[in-house]
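Rule-based calculations on the coordinates, nothing more; no lab input. Computed from a predicted structure; not experimentally measured. A quick note on method: Cβ atoms are made from the backbone with ideal geometry, for glycine too, and the neighbour counts reach across all protein chains shown.
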Amino acid sequence: MEEVVRIESLSFQYEDGKKVLDHLDFSLLKGDFVGIVGPNGSGKSTLMKLILGLLPPVEGSISLFGVPIQKFRDWTKIGYVAQQAAHGTGGFPATVKEVIASGLVSKVGLFRRLKAAHYAKVEEVAERVGLAEKLHDRIGNLSGGQLQRVFIARALVAEPELLILDEPTVGVDQESIGQFYGLLRSLKEESQMTMMIVSHDVGVMTQWVTKVACLQRGLHFHGTADEFAHNQENILRSMYGDAIRVLAHHH
């Protein structure tokens, strides 16, 4: 099976000397839908930034699609939805169509005009995420769940092979969260896209992903969602300590 991401002995610390990742080994295979979970400060968002080339590793190595990250150039293969991507968009005067189309800039070029074929792709992606009837709406008029669909569509329009999402359900209501994960699962099944999602909501996320990685400086667990479910309490206790109570979520 093709490796999309390979991480070996990866360590990282910030300028204040705090080490957030310590000799991490991790691999992501083509077609995986992996959920990254862990307590605040466990290194989840840092790991995402390292994979995206936004931070340099202190020790160890990262390879993307078989290429060392220092030599990797084909960043259009990777789509990214940042933490709280939709935060603060209420007064932004762009339409859904314009925001989705902005995801093509890296592929087309900053000052090049989009052609009819590009806008056809925008409409196709909007249809896939259930926003076909919202293309001309201002994003400030959308719900939190609809906004997250816009930013997923923006990431998808460039046809990435790996989609990374950092805490994508922050500020989204409970009803929309289930629909959101259902959308991701269907997109993965349609295209065999590889997905990595960081979330603090262990109870909901692990019902949808195919694999789980538990992070607390290093990996405490990396396996299938079923394996995680069977030993969830012990795994989470090893990360959070004994003062933990696992609650079931029913949707």
> To the nearest 500 deg cm²/dmol, what mean residue ellipticity at 222 nm is calculated for the chain from DSSP H runs of n ≥ 4 alone, each contributing -39,500 (n - 2.57), summed and divided by the residues?
Replying inline: -9000 deg cm²/dmol
> Each label point is 7 Å from the Cα along the Cα-to-Cβ direction; what then is the distance between the points at residue 115 and residue 52, in nm?
Replying inline: 3.0 nm
> If Lys and Arg each add +1 and Asp and Glu each add -1, what is the summed charge of the other residues whose beta carbon sits under 13 Å from the beta carbon of residue 192?
Replying inline: -3
>> List the lysines whose Cα sits under 27 Å from the Cα of residue 115, skipping any in the same chain fewer than 8 residues away.
In response: 77, 97, 107, 134
> How high is the relative contact order of the chain, in percent, counting Cα pairs under 8 Å that sit 6 or more residues apart?
Replying inline: 26 percent
>> Explain nothing, just compute: Karplus ³J(HN,Hα) = 6.51 cos²θ - 1.76 cosθ + 1.60, θ = phi - 60°, for every residue of the range 13-29 in order, whole Hz, x for Gly and Pro.
In response: 9, 7, 5, 6, x, 6, 8, 9, 10, 9, 6, 7, 10, 7, 9, 10, 9
>> I'd like the orientation of helix 144-156 relative to the chain: the angle between its Cα long axis and the longest Cα principal axis, in ° from 0 to 90, rounded to 10.
In response: 90 degrees
> Sequence-distant or interchain residues sharing an amide H contact under 5 Å with residue 21, placed H: which?
Replying inline: 12
> Tell me, what ³J(HN,Hα) does each residue in the range 208-213 have, in order and in whole Hz, if you take phi through Karplus 6.51 cos²θ - 1.76 cosθ + 1.60 with θ = phi - 60° and put x for Gly and Pro?
Replying inline: 10, 6, 9, 9, 10, 10
> If you average the sequence gap of Cα pairs under 8 Å that are 6 or more apart and divide by the length of the range 111-246, what percent do you get for the contact order?
Replying inline: 15 percent
> Relative to the longest principal Cα axis of the chain, at what angle does helix 116-128 sit, 0 to 90 degrees, rounded to 10?
Replying inline: 50 degrees
>> Going by amide H atoms built from the backbone, whose H comes under 5 Å of the H on residue 198, apart from near neighbours?
In response: 36, 165, 166, 167
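Taking the Cα centre of the range 108-172 as the origin, how large is its charge dipole in debye, to the nearest 20, when only Lys and Arg (+1) and Asp and Glu (-1) carry charge on their Cβ atoms?
Working: 9 positive and 9 negative charges, 72 e Å.
Dipole size: approximately 340 debye.
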> Between residue 223 and residues 5 or more places away or on another chain, which pairs have amide H atoms under 5 Å apart, with H built 1.01 Å from N, and which residues are they?
Replying inline: 212
> Which whole-Hz ³J(HN,Hα) couplings does the range 48-65 yield from phi under the Karplus relation 6.51 cos²θ - 1.76 cosθ + 1.60, θ = phi - 60°, glycine and proline marked x?
Replying inline: 4, 5, 5, 5, 7, x, 7, 10, x, x, 6, 9, x, 9, 10, 10, 10, 6
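Please list, by residue number, every one of the chymotrypsin sites (Phe, Trp or Tyr not before Pro) in the range 1-56 that is coil in DSSP and has at most 15 other beta-carbon atoms within 10 Å. Spell out each step's value before the answer.
Details: sites: 12, 14, 26, 33; in loops: 14.
Listed in order of number, the matching sites are 14.
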> Does the range 1-159 come out rounded, prolate or oblate, given a ≥ b ≥ c as the square roots of the eigenvalues of its C-alpha gyration tensor, rounded meaning a/c under 1.5 and, failing that, prolate meaning a/b above b/c?
Replying inline: prolate
